[in-house]
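Shown next, in structure tokens, is the structure this report addresses.
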Amino acid sequence: MIEIIVLNGPPGSGKNTIAEILEYELPCSWYRASLPLKRALSTLTGLSYDLLEEYKDEPMQNGYTPRQLYIALSEDLLKPKLGNDWFGKLLAKEIVADIEAGWEVFVVDCGFAEELTALIEEVQKLEQPFNIRLVHIKRQGCDFSSDSRQYIFLPDLSPNVLENDGEISDLLPKLKQLFPHLEWL
């Protein structure tokens, strides 16, 4: 059965760090639900994706941070015009080939129930057995106050909780404990 593991946590909770660990420790595909949005902002501003990510919480010349611009682009323009589930549908289109090939899939930054619901609905159309694992990442001092995302709660999906309260080296054993059935390198 294919595993689709969805990481959900506030800014600074460790989602990107976990993605970097997974890239080297687990044969899987990983995706960012926010990637289409970040590509769009890169195109609109003429700034590289890497530069926007590196300084996502630093004010630019216009006084806004890239994070604030991501949120405005998403919440004020794209979602009102295309639907709250649009990013989930885009994500599903990207990961279908990997799911059909039998790869485990990690989604690093899903932050909205509508996105996850759309992803689940699209994957169900494949008629291939799969399991969704939602992981809430918690870290002291990190919250959603500067972000439009929240912890996701769906009626038939109980989240796992990953307490990111130590060093980076503590994360891999915690991930292996959460997902002992995966084929770790």
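The values are calculated or read from the model by the stated rules, or taken from the named source; none is laboratory data. Just so it is clear, the structure is predicted and the values come from calculations on it, not from any experiment. Using ideal geometry, Cβ is built from the backbone for each residue, glycine included, and neighbour counts are taken over all protein chains shown.
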Every residue from segment 113-133 that is closer than 25 Å to ILE71 by Cα and surrounded by fewer than 21 Cβ atoms within 10 Å (Cβ to Cβ): ALA113, GLU114, THR117, ILE120, GLU121, GLU122
Verdict on GLN140 being of a type in the set (S, T, N, Q), in contact with a helix residue (DSSP H, G or I) (Cβ under 8 Å, 6 or more places away or on another chain), touching a residue at least 24 places away in the same chain (Cβ under 8 Å) and surrounded by fewer than 16 Cβ atoms within 10 Å (Cβ to Cβ): no
Breaking point among (1) among the aliphatic types (A, V, I, L, M); (2) assigned by TED's automatic domain parsing to the domain that holds ARG149; (3) surrounded by 17 or more Cβ atoms within 10 Å (Cβ to Cβ), for ILE21: (3)
Selection status of VAL108, closer than 27 Å to PRO180 by Cβ, modelled with pLDDT of 90 or more and in contact with a Phe, Trp or Tyr (Cβ under 7 Å, 6 or more places away or on another chain): no
Qualifying positions in segment 24-46 - surrounded by 15 or more Cβ atoms within 10 Å (Cβ to Cβ) and among the aliphatic types (A, V, I, L, M): LEU26, ALA33, LEU35, LEU37, ALA40, LEU41
Residues located in segment 51-65, provided they are within 20 Å of TYR31 (Cβ to Cβ) and surrounded by 17 or more Cβ atoms within 10 Å (Cβ to Cβ): LEU52
Residues located in segment 112-146, provided they are touching an Asp or Glu at 6+ places or on another chain (Cβ under 7 Å) and either small (Gly, Ala, Ser) or part of a helix (DSSP H, G or I) (or both): GLU114, GLU115, THR117, ALA118
Single condition SER74 does not satisfy, out of (1) under 17 Å from ARG39 (Cβ atoms); (2) assigned to a loop (DSSP other than H, G, I, E, B); (3) polar (S, T, N, Q): (2)
Hey, LYS93 touching a residue at least 12 places away in the same chain (Cβ under 8 Å), in the same structural domain as GLU25 (by TED's automatic domain parsing) and not β-branched (Val, Ile, Thr) or not: yes
